[in-house]
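Report on one structure; see the data block that follows.
Any read-out appearing in this document is the output of simple, stated calculations on the displayed coordinates, not a laboratory observation. Bear in mind that the values here come from a model prediction, so they are computed numbers and not experimental data. Cβ placement follows ideal geometry from the backbone for every residue including glycine, while neighbour counts extend to all protein chains displayed.
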Amino acid sequence: MKHIVAAIDGSAGSVRALEEAIKLGQSLAESPKVTALHIDSFVSMNEPPFGVDPDERIEAEGLALLKSAEEKLAASGLAYETAVRKGDAAREICEFARSESVDLLVVGTRGHGLAAELLLGSVSHKVIQHAPCPVMTVR
């Protein structure tokens, strides 16, 4: 295993996903590169609030998430990188895994039951269905 990617969005599940990706990387005989991947979702607004740039705010929040992830990765002693993509989270995570020859995706779940996931459609469920590599989910 040479490349593990943890998808991060600021949720408790994604924080645990990054922690598990680091633990797994540290436990392997040959340490892989670990990437923290954040997806900035597009926000559609008819009329954004005056004086607020939603895209700029989303980007700033994403950078703050990556800074926290980068601190954890740097302390791990593993080779690492951070990455940001824009668009539909599940689609972008799967495309990143495909284009970067990722060996394992680690994603957090929100703890909803299967019925809720099927009705609402979760990012983790979509990633599991469409990823080009194994997916580890962390609750």
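Spacing of the modelled spin labels on ASP103 and ALA79, each 7 Å from Cα toward Cβ, amounts to 1.1 nm.
Label separation (ARG139 vs ARG110): 1.6 nm, computed from points 7 Å beyond Cα along the C-beta direction.
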